[in-house]
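Here the structure is laid out as structure tokens; the discussion comes afterwards.
The values are calculated or read from the model by the stated rules, or taken from the named source; none is laboratory data. Quick caveat: nothing in here was measured; it's all calculated off a predicted structure. A quick note on method: Cβ atoms are made from the backbone with ideal geometry, for glycine too, and the neighbour counts reach across all protein chains shown.
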Amino acid sequence: MNFKILFSFLLLAIFSGTVSAQRQPIEVNQFYFSQSVLDPISESIKVKRNADSHYSVNIQIIRPNATAWTSPNVKYNVEVDAFVKKNNSNTLLSIRTSEIKFTASDFASGTFVSALKTSQLLIPKNYIDESGGEIIVKWRYYKENYPSPYNQNGWSDWYTVDGNYPLKLEAIPGTIAGPNQICDQGTYTITNYGDVTLRNAANIATVNRIQGTSQFTVSRIGNGSGKIQLVTKPWGDAAETVKEIIVGTPLPRFKGDYAPQLDYGQTYTFVIESDLPSDILDIEKLGMANIVFTRLDNNRFTIKTPPKPSSGTPVAPVYIFSIKARTINGVCGNSEYITKNFRVGSLN
């Protein structure tokens, strides 16, 4: 049998046995796993570290493509078993969760030469260690009314599917230790790292490994500021680890999408956000004394607009004012101001 990666319309499979020259009248032709259990680096089947490992497998058997083998008098009783073997042991442990059997009724019709079933496997928690292991698949069949030269009724020997199904413990996620905020540069210790990158860091920061160590420096670019992410993706299938870092003192921001056009005679509540709970916000109103600005707390304020002009007013007044805000941070200093313009009344 030649084992190769098999992409099926119904199931993306990672291992598939394909018979090149049939040696037994009944053989396991395919035994394959979902692609989701494949370690893409080692092309091994992933085994959980601290839990039972469950697998769904598709199993296909074949019989000779000859009229004598499709006769209703030929009985089919085929048993398939799957075993796990540690690399440092010769012991085989059966891992099927229920019997895997094929009979004549499993063939789609009397003339089909193959039959397919889905079954479940289970590798117990902590059975496979760092040395790894493999899954071994065996089958046997009971001969009854078989054509010559297999016309002696009784069980065949157990046969082993060619090829191997290597096992590997799933990768360990990385860890990142270091400061939550940097003003210019910070050092981070990363364990079990593969690729180490920054996200949302364009024109804000760069990352570089300290040669010969598992430490990385994140360095600020000029006056760049913002919330970035330091990301490590270990080799193998482990999930990525992400650490958020505040660089410098980021600009505050209005929460929500506030329209610049306001109505007469209304009171509006606005919220401005910052990145750290310790940040103090400096918020000011610029222009138009008849626009009432009231600070509610560190992040919230209200704007009360003048009453609507009477219908006899020949030209309705237009009020234009601005709100500016900055973050006052004791660690890295103050941010730049942000400014948002508002208008009460129509310019038309």
**Request:** Quick one: Ala171 ticks every box in (1) closer than 30 Å to Ile59 by Cα; (2) assigned to a strand (DSSP E or B); (3) small (Gly, Ala, Ser) except a single one, so which number is it?
**Result:** (2)
**Asked** Would a scan of the stretch 255-269 turn up a residue that is in contact with a strand residue (DSSP E or B) (Cβ under 7 Å, 6 or more places away or on another chain), outside any loop (DSSP other than H, G, I, E, B) and either within 14 Å of Lys324 (Cα to Cα) or assigned by TED's automatic domain parsing to the domain that holds Arg220 (or both)?
**Response** no
**Candidate set: the stretch 168-180, residues that are at pLDDT 95 or above and crowded, with 16+ Cβ neighbours inside 10 Å; chosen: the one nearest to Ile245 (Cα to Cα)** = Gly178
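For the stretch 62-82, check the following and say yes or no: at least one residue is β-branched (Val, Ile, Thr) and under 24 Å from Asp39 (Cβ atoms).
Going residue by residue through the stretch 62-82, those that are β-branched (Val, Ile, Thr) are 62, 67, 70, 74, 78, 80.
Checking which are under 24 Å from Asp39 (Cβ atoms) leaves us with none.
No, that holds for no residue.
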**Fill in**
Considering the stretch 193-220, residues that are surrounded by fewer than 18 Cβ atoms within 10 Å (Cβ to Cβ), over 22 Å from the mean Cα position of the chain (by Cα) and not in a strand (DSSP E or B), and then whichever is modelled with the lowest pLDDT, we arrive at Gly212
**Prompt:** Residues in the stretch 235-260 that are modelled with pLDDT of 90 or more and either charged (D, E, K, R) or under 30 Å from Tyr319 (Cα atoms) (or both): how many?
**Reply:** 7
**Request:** Return yes or no: is Ile190 in the same structural domain as Ser89 (by TED's automatic domain parsing) and buried (at least 16 other Cβ atoms within 10 Å of the Cβ)?
**Result:** no
**Request:** Return only the number of the condition from (1) part of a loop (DSSP other than H, G, I, E, B); (2) within 30 Å of the chain's Cα centre (by Cα) that Asn223 does not satisfy.
**Result:** (2)
**Prompt:** With respect to Ile228, is the statement that it is in contact with an Asp or Glu (Cβ under 8 Å, 6 or more places away or on another chain) and surrounded by 14 or more Cβ atoms within 10 Å (Cβ to Cβ) true?
**Reply:** yes
**Residue among Thr302, Thr327, Thr294 that alone is part of a strand (DSSP E or B), within 48 Å of the chain's Cα centre (by Cα), at pLDDT below 95 and not assigned by TED's automatic domain parsing to the domain that holds Asn223** = Thr327
